[in-house]
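**Q** For reference, the structure I am asking about is given below.
No lab work stands behind these numbers, since they all come straight from the coordinates. Here the structure is a predicted model, which is why all the values come from computation and not from measurement. Because the Cβ atoms are built from the backbone with ideal geometry, glycine has one as well, and the counts that use them run over all protein chains shown.
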Amino acid sequence: MSVRQLWEGAEGDNVIMHLDGRSKLFVLFSIAILAITIDNPRTLFLLFSGTLLLHFAARTSIYKWQVMAVLLLLGLWGSMVSQALFFAQTPRTPIFMLISPDFPILGPLTNGLFIYQEGILYGAIQGLRSSIMLSMGLLICWNSDPRQLLKALMAWHLSPQVAFMLVTALRFLPVLAAEASEVITALRLRSNSKVGRQSICRHLPYVVNPLLARCLRRAQTLALSVVSRGFFLAENRKKVVWPMKEFSSCLVLALVVMVTVGSKLAYLASEQGFYVGFLRYLYDWTKLYL
Amino acid sequence: MLTIKNVSYCYAGRNIPTLKNISIDINKREMILIAGRTGCGKSTLIKVINGLLLGNGGGQFSGEVTSKGFNILTLTPEEMGLLVGTVYQSPDDQLFAMTVEDEVGFVLENHGIASEIIKAEVTSTLKRVGLAGFEKRSIHALSGGQRQRLALASVLINKPQILILDEPVSQMNPVGVKEFLGLLKELNEVDGITIIVVEHRVHELAKYFPRLVVMYEGGIIYDGDINQAWYKVGDEIKYGLREPQNVKLCRKLALSKLTNESDEVISLIRNECCIDIIKGECEAKGAVSKAVLVAKNISYCYPGAKENTLHNVNFTLSQGETVAVMGYNGAGKSTLFNLIAGLTNLTSGELTLLGGTVADNAHKLGFLRQDPDLMLLADTVTREIHWHNKNADESQIMELMKRLDLSDKAKDFPLALSKGQRLRVVLAALLARQPKLLLLDEPTTGQDQQSMLDIKNIISEYTTSGGTVLFCTHDVELAAEIADRVFLMVKGTLLKIGTPQEVLSQKNLLLAGGLSLPPMLRISEGLKIQKCVTLEEVTRHVSKTTVGRC
């Protein structure tokens, strides 16, 4: 599978692919809100597992799983390590000492370097949040036709111009990925040393120029092409009915999101002194699971 | 049908107008070929015809564009889409959906047509362009030629009266070109659609288009019968017209008529020239000396692929040689180039480059990729040529820029230049490093006649001074003219290695490699002289010294 194929929408039939664009975007937004609202690492992990189950439903290819795994693990690892080392809030419990405060030069400079238990947890929460969004984003990207999302955005009365700009980003993702790889190859070929021919990193600063110039040119052609094919005749376009099952499921999800956000707000309010006695069980539930 | 009267256009921020007082009448059921040097205003003229100029760029426009007396400049782009459909050079840039049927039905959907009607229309349009049964296919699973047909179908479904195609065949091999132009001709004759094509490959397309429009520096310097064009603008190199070889032969032999019809040329030569069937053995080009590149049983298999892309390829490339690699798209040409350049590693076999391994010496070669834009990174042409060439001699670089007609572009932003100019900038940057071996992937794609001559001269000078060139091309005439040897690749194997005369004069080989018949081969066969593939070979046998003519 090439770099380009990695970012192309999946072929064939799967349940995610056939969902209405509005359902996909609604689920994406809802899960984003949940990921921001929830602080409990176990619930976040469950939510994250749920997004991975959606990838199973979409029959994501092994190669794409591998790429996603690398991205997710890198994100999680980076977040946990950085927070474990540099967690600044209190209380914090050092569970491992990397540099003692008495260590010459570095000790006094850093006041000691420790791995903090609370930092690991905090990093895991932040990492899980970004992993949930990454996983959902890739799911939508790999299983959506740009047209499908465009229709969804237009159905929600977003201006055609803005909708087009948003969706074009998705449309160009495979092309961009392929071209970035091509540009690096071309840059390696422009290099006149053995090291330059083999290195990738040293060429990265130069990738932007050709990539951007080509993107602008491509975007202009695509815009001309869709405009002349009547894209901005939004009022003529047939209204597509949101399938009842999907609409109902989205309503349920909306309810879940509202309850979650409401509970969280009530709990935060109680912490600020706005305590309501009969909501005691809700406070407990929020503290335990959210 | 469409009248363009006294149209001038100057882009915002420029002092010189891109279009200067253009007037042209486009009639129903016409097939028009628009040609001219890169940067002469062809693309801007297309935007005038498809009505996308006014809302784009904010420049100064004057003149009239009318259809049946109605000013079409007042139409919205969507309304213009019903009159004029445009297919752009790269289908990848204009396709929007994921499946073929969604792409083709996009325009009808936007116009609020019922889904049953859309489905029926999509099926019939796909059948029309030869993509029947492809409805559910992903657009990413289509070949380049199929994508071009899909792009055509996506505008054709709107039933436009005029169809504009911007360099539609520039990336196609000769067989693909023939099929695609056959389709356009059918659309013109059966459906009555006016076809306008902008293309540099006039020599290949001439037989399909009765009318030729030649542009030069923003104006139209010829508009009329294509057969008359050769008399008026054909030999003027500044107009960038690449004449068909038959016409060139007529001109060279000073025949009484300039024509592209092979039978007519044969008849004219028989009547007006002396033919010597035994004269002029073809001299072998190129001297074989030190080996620059040796391939021994090289094979390559892409990761995850079931079959090898290259199978047991053997060849030797000597210093000073110019070798053309030819064959169908997907025959393995680019894979071979990538292996030589060290971008991928061999699966098996041995490749010796400049006496060492590819890993050790790949940086000593220059590789011009098919898409030169990706190799441009600097702000000015001069900086581009100096990039990683800090030790290059300044006078040598100036000379190089002069030879590649880039001297007046020294301060220009490379990516804002025309396609031909961009390619020459990259070529200059590669040559400034004085590489021992130059790999060129389709170096003349999108180049006008003058640019092609410049590139040919550069290659010739480079090989004369000891350099070696391996280039990949579909252009039979170019290979016949400049190559010392031709490698014909078919399905990952080297089917034939030989001189252009040996390879390009065998019809079965040309057919196997998806190549077109060199026009001079047909002429030489008709004249019953030794098989020839270049103009020079034919003129060795045919003399123009008939009494009273010269």
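**Q** Only residues of segment B:436-468 count here: report those whose backbone N is under 18 Å from the spot 7 Å along Cα→Cβ of residue B:399, or say none.
**A** B:436, B:454-468
**Q** OK, next. With every atom except the alpha carbons ignored, what do you get for Rg and Dmax of the protein assembly as shown, in angstroms?
**A** Rg then Dmax for the protein assembly as shown, in Å: 31.6, 120.
**Q** Express in whole angstrom the spacing between the alpha-carbon centres of segment B:350-429 and segment B:442-471.
**A** First find each Cα centre; the distance between them is then 13 Å.
**Q** What net charge is computed for the residues neighbouring residue B:88, neighbours being all others with C-beta under 9 Å from the C-beta of residue B:88, Lys and Arg scored +1, Asp and Glu -1?
**A** Result for the local shell: -3.
**Q** Within the set A:151/B:127; B:28/B:531; B:207/B:531; B:47/B:68; A:24/A:64; B:42/B:185, which residue pairs have Cα atoms separated by over 31 Å?
**A** Those over the limit are B:28/B:531.
**Q** For segment B:291-500, what is the relative contact order in percent, using Cα pairs closer than 8 Å and at least 6 residues apart in sequence?
**A** The normalised contact order for segment B:291-500 reaches 30 percent.
**Q** Using Cα positions and a limit of under 16 Å, work out the aspartates and glutamates in reach of residue B:20, with same-chain residues fewer than 8 apart set aside.
**A** The qualifying aspartates and glutamates are B:64, B:217, B:223.
**Q** To the nearest µm²/s, what D does Stokes-Einstein give for segment B:393-550 at 10 °C and 1.306 mPa s, using the Kirkwood radius over alpha carbon pairs as Rh?
**A** Calculated translational D: 90 µm²/s.
**Q** Further question on the same structure: Between residue B:370 and residue A:215, what FRET efficiency comes out of the Förster formula 1/(1 + (r/R0)^6) with R0 = 22 Å and r the beta carbon distance, rounded to 0.05?
**A** Rounded to the nearest 0.05, the efficiency is 0.70.
**Q** Relative contact order (percent) for segment A:146-240, with alpha-carbon contacts under 8 angstrom and 6 or more residues of separation?
**A** Reported as a whole number, the value is 29 percent.
**Q** If you average the alpha carbon positions of segment A:271-290 and of segment A:193-256, how far apart do those two centres end up, in angstrom?
**A** 43 Å
**Q** Under 17 Å Cα to Cα from residue A:264, which lysines show up? Leave out anything in the same chain fewer than 8 places away.
**A** In chain and number order, the partners are A:287.
**Q** Grab the DSSP H runs of the protein assembly as shown that are 4 residues or longer, score each as -39,500 (n - 2.57), total them, divide by all residues and round the 222 nm result to the nearest 500 deg cm²/dmol.
**A** Mean residue ellipticity, 222 nm, calculated: -14500 deg cm²/dmol.
**Q** For chain B, what's the relative contact order in percent, using C-alpha pairs closer than 8 Å and at least 6 residues apart?
**A** The normalised contact order for chain B reaches 15 percent.
**Q** Find out how many positive minus negative residues lie around residue B:61, taking Lys and Arg as positive, Asp and Glu as negative, among other residues whose Cβ is under 14 Å from that of residue B:61.
**A** Around residue B:61, the surrounding residues sum to +3.
**Q** Report, ordered by chain and residue number, the lysines lying within cross-link reach of residue A:194, taken as a straight Cα distance under 22 Å and ignoring same-chain residues fewer than 8 apart.
**A** Excluding near neighbours in sequence, the set is B:364, B:390, B:436.
**Q** How much length is gained on full extension from residue B:453 to residue B:3, taking 0.36 nm per residue of separation minus their Cα-Cα distance?
**A** Residue separation times 0.36 nm, minus the Cα-Cα distance, leaves 158.4 nm.
**Q** Report, by chain and number, residues whose modeled amide H sits under 5 Å from the one on residue B:34, excluding near sequence neighbours (fewer than 5 apart, same chain).
**A** Sorted by chain and number, the residues that satisfy this are B:197, B:198, B:199, B:213.
**Q** Rank-order A:124-134, B:175-185 by packing density, defined as the average count of other C-beta atoms within 10 Å over each peptide's residues, highest first.
**A** Ranked from most to least packed, the peptides come out as A:124-134, B:175-185.
**Q** Another question about this same structure. Partner chain Cβ atoms within 10 Å, averaged over the residues of B:360-369 - can you pull that number for me?
**A** Per residue, the number of nearby Cβ atoms from other chains is 4 on average.
**Q** Something else about it: Mind giving me the FRET efficiency for residue B:135 and residue B:12? R0 is 45 Å, r the Cβ-Cβ distance, nearest 0.05 is fine.
**A** Efficiency, from the Cβ-Cβ distance: 0.55.
**Q** Could you rank the peptides A:29-37, B:32-40 by their average count of other C-beta atoms within 10 Å per residue, with the highest value first?
**A** B:32-40, A:29-37
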